[in-house]
Amino acid sequence: MALLRFAPSPTGQLHLGGLRMALYNHLYAKKVGGKWLMRVEDTDSTRFVPGSVEGIRKALDWAGLEYDYGPGKEGPHGPYFQSERLDLYRPYANKLLDSGHAYRCFCSPDKLSATRERLARTGSNSTYDKTCLHLTEEEVARKVRAGEKSVVRLNDSNLPTRPPATDLVFGHLKDAHASLATDPILLKTDLFPTYHLASVVDDHEMGITHVLRGEEWLLSYPLHLDLYAALKITPPKFAHIPILLNPDGSKMSKRKGDVQVVDYIRGGWEPQAVLNWLALAGWGAKHEIPSPDADISSTSAPTVRPQLIQKAPDSTTLMTLPEMINEFELSALTQRSSSLDPAKLEYLNKHHLMRIWSTPDGLETLAERAHDEIKAKFPTR
Ligand code: GLU
């Protein structure tokens, strides 16, 4: 059975982009009769914002996107906070150390930044000179015994061969390690994993079959596949979802309008209209190839041109959540970033309200909601 995950970091309120990611996970899981869980990626304590998890749960609740497992909904794949899963990561890091796919690095932060600067001055792409890769076993053992602090780095000069990277949205990818840090850190000195190790281990341990995540992770995707290969575990299927932009093509930010879900909750927008609006941003034509179940272990590039099976829906096509589930296909997601036009939300909102209005208890439902809103706004009158 398909199992997906929505993996927010507790760094503040849920953004529209995060809500769309949860929505696509929900749509795909329900479409194929699978489930999805919420995993809180809280291993970076410097970015933790108190109240985030509650805010994210409230936003999902409002939107009617109910995860099958996650915080407050225990199940077979927990715990759902990475900070409660720390014991899991170490054995995987040890396995990589034992096989020579990773090594301990004892360089101090000062030494590392001096090295980085020196390498940059020489025009090198590298961010680390691999000093610690050349330590002998005895030297490492002595430093460990002496209590010297170390991190675990991936040894990217000793990686296993593996099939090329394939993505359900972007197709076959060219690996590009050059843009990543040299020998990326997997385990930090405090024994907390970095995102790379934690997401690979958790997706494997939790039995995730499909990873739908933001395009910003596309760059590290080959690195993650290397980790799967080095650990001799099978990767899930991946779909990277292009980001959302403002109508003028700029990056969405607070300065440019409402980007947090809570703004739409406060604004009294119809949740299904907001979902409809988000779902259609980036929803293109349906193609037969690559299918959601394309074999990502295949090494050959597809030779047949994708067959168009349905044109892209108009970006103001009215859809309820069950209709979206019915219609959703990963192969229909576009590779380009999509812009969100507030005028379309107004249109969709109006039509969703009209749809509710025309149901048998619609008028009553809307009147009750209006009553609650008015009472909340004018509590003493
Ligand atoms: N915690 C990551 C983020 O919030 C999610 C990455 C993922 O879905 O794998 O960006």
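May I have the count of lysine pairs in region 29-180 with C-alpha atoms under 27 Å apart, counting pairs 8 or more residues apart or located on different chains?
16
Could you rank the peptides 36-45, 269-278, 116-125 by their average count of other C-beta atoms within 10 Å per residue, with the highest value first?
Ranked from most to least packed, the peptides come out as 269-278, 36-45, 116-125.
What's the ranking of 15-23, 50-58, 199-207 by average number of surrounding C-beta atoms within 10 Å, highest first?
Put in order of decreasing packing, that is 15-23, 199-207, 50-58.
Mind listing the long-range amide H neighbours of HIS172? Cut-off is under 5 Å, sequence gap 5 or more, other chains count too, H placed in the peptide plane at 1.01 Å from N.
Long-range HN contacts for HIS172: ASP167.
Which far-off residues, 5 or more places away or on another chain, put their amide H under 5 Å from the one on ALA239, with H placed in the peptide plane?
Long-range HN contacts for ALA239: LEU168, VAL211, LEU212, ARG213.
Can you tell me, using C-alpha contacts under 8 Å and at least 6 residues apart, the relative contact order of the chain as a whole percent?
Once normalised by length, the contact order is 18 percent.
Would you please give the FRET efficiency between ASP372 and THR334, computed as 1/(1 + (r/R0)^6) with r the Cβ-Cβ distance and R0 = 45 Å, to the nearest 0.05?
0.75
Cut-off under 15 Å on the C-alpha distance; same-chain residues fewer than 8 positions from LYS188 excluded. Which aspartates and glutamates are left, in chain and number order?
ASP42, ASP44, ASP87, GLU148
Of all DSSP beta bridges located in the chain, what percent are antiparallel, nearest 5?
Given both bridge residues lie in the chain, the antiparallel proportion sits at roughly 50 percent.
The numbers here are math on the coordinates, done by the rules we state, and not lab data. Not measured: the values here are computed from a predicted model. So basically every Cβ, Gly included, is an ideal-geometry build from the backbone, and we count neighbours across all protein chains shown.
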